[in-house]
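Notes follow once the structure below has been shown.
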Amino acid sequence: MGVTTFTHEYCSSVAPPRLFKGLITDSSTLLPKLLPQLIKDVTIIQGDGEAGTIEQVNFAQAIPFKYLKHRIDVVDKENLVCKYTMIEGDPLGEKLESIAYEVNFEATSDGGCICKMTSKYNAIGDAEIKEEEVKEGRESSIGICRVVEAYLLENPQIYA
């Protein structure tokens, strides 16, 4: 099994703790509310939202994928770090066993933050994962960041 790693960053004018809460700790309620055209609902299959929790994301009918399951590996609210692994679902296709993510939120001097995401694609057998194959997923995650950021900028009292 080969592992292919990709990283990307997203700069935001929202303070790190607010963006962390919107994208990580409150995402199961916030994302279906803000993106009903993409996400039907998020259900906790096991756990309490902390490490070891398994969540199922059910996609809206317009999306070619039906669902995915994440296992939350680390939620560090003090250092604003989250690690989770996609363990099941349509986005894995026939090439991937899992995708491990690490997301860090770092403060910037202007009061905003940089969201750094590392994705490790764990291939089945000798399958190769090329950057162009993961481009759509990366663009989708950046799009979600932008929607949450816009919501938090329009509602400064949320997670203040």
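Of 95, 83, 69, 21, all but one fail to be charged (D, E, K, R) and more than 15 Å from the chain's Cα centre (by Cα); the exception is 95. Quick check on the stretch 133-151. Is at least one of its residues more than 16 Å from the chain's Cα centre (by Cα) and either of a type in the set (A, V, I, L, M, F, W, C) or on the phi > 0 side of the Ramachandran plot (or both)? Checked the stretch 133-151: at least one residue is more than 16 Å from the chain's Cα centre (by Cα) and either of a type in the set (A, V, I, L, M, F, W, C) or on the phi > 0 side of the Ramachandran plot (or both). Tell me, yes or no, whether the stretch 106-117 has at least one residue that is among the aliphatic types (A, V, I, L, M), open to solvent by less than 20 Å² (accessible area, probe 1.4 Å) and in a strand (DSSP E or B). There is no residue in the stretch 106-117 that is among the aliphatic types (A, V, I, L, M), open to solvent by less than 20 Å² (accessible area, probe 1.4 Å) and in a strand (DSSP E or B).
Checking the conditions here, which among 68, 92 is in contact with an Asp or Glu (Cβ under 8 Å, 6 or more places away or on another chain), of a type outside the set (Gly, Ala, Ser) and open to solvent by less than 60 Å² (accessible area, probe 1.4 Å)? From the options 68, 92, the qualifying one is 68.
Put simply, of 100, 51, 62 the only residue that is open to solvent by 80 Å² or more (accessible area, probe 1.4 Å) and either in a helix (DSSP H, G or I) or of a type in the set (A, V, I, L, M) (or both) is 62. Against the definition (touching a Phe, Trp or Tyr at 6+ places or on another chain (Cβ under 9 Å), at pLDDT 95 or above and β-branched (Val, Ile, Thr)), how does residue 134 come out, yes or no? For residue 134, the condition - touching a Phe, Trp or Tyr at 6+ places or on another chain (Cβ under 9 Å), at pLDDT 95 or above and β-branched (Val, Ile, Thr) - is not met. Contact annotation: residue pairs with Cβ atoms under 8 Å, 6 or more positions apart or on different chains, pairing a residue in the stretch 18-36 that is assigned to a loop (DSSP other than H, G, I, E, B) with a partner that is not polar (S, T, N, Q), are 26/159; 35/144; 35/147; 36/60.
Taken together, the residues in the stretch 122-134 that are assigned to a helix (DSSP H, G or I) and open to solvent by 100 Å² or more (accessible area, probe 1.4 Å) amount to 1.
Within the stretch 71-86, the set of residues being at negative phi, in contact with a strand residue (DSSP E or B) (Cβ under 6 Å, 6 or more places away or on another chain) and open to solvent by less than 60 Å² (accessible area, probe 1.4 Å) comprises 72, 73, 74, 75, 81, 82, 84, 85, 86.
The values are calculated or read from the model by the stated rules, or taken from the named source; none is laboratory data. Quick caveat: nothing in here was measured; it's all calculated off a predicted structure. Please note: Cβ atoms are built from the backbone with ideal geometry, for glycine as well, and neighbour counts cover all protein chains shown. When the accessible area is computed, the model is the full protein with side chains, heavy atoms only, and any ligands, DNA or RNA have been set aside. Shrake-Rupley method; radii C 1.70, N 1.55, O 1.52, S 1.80 Å.
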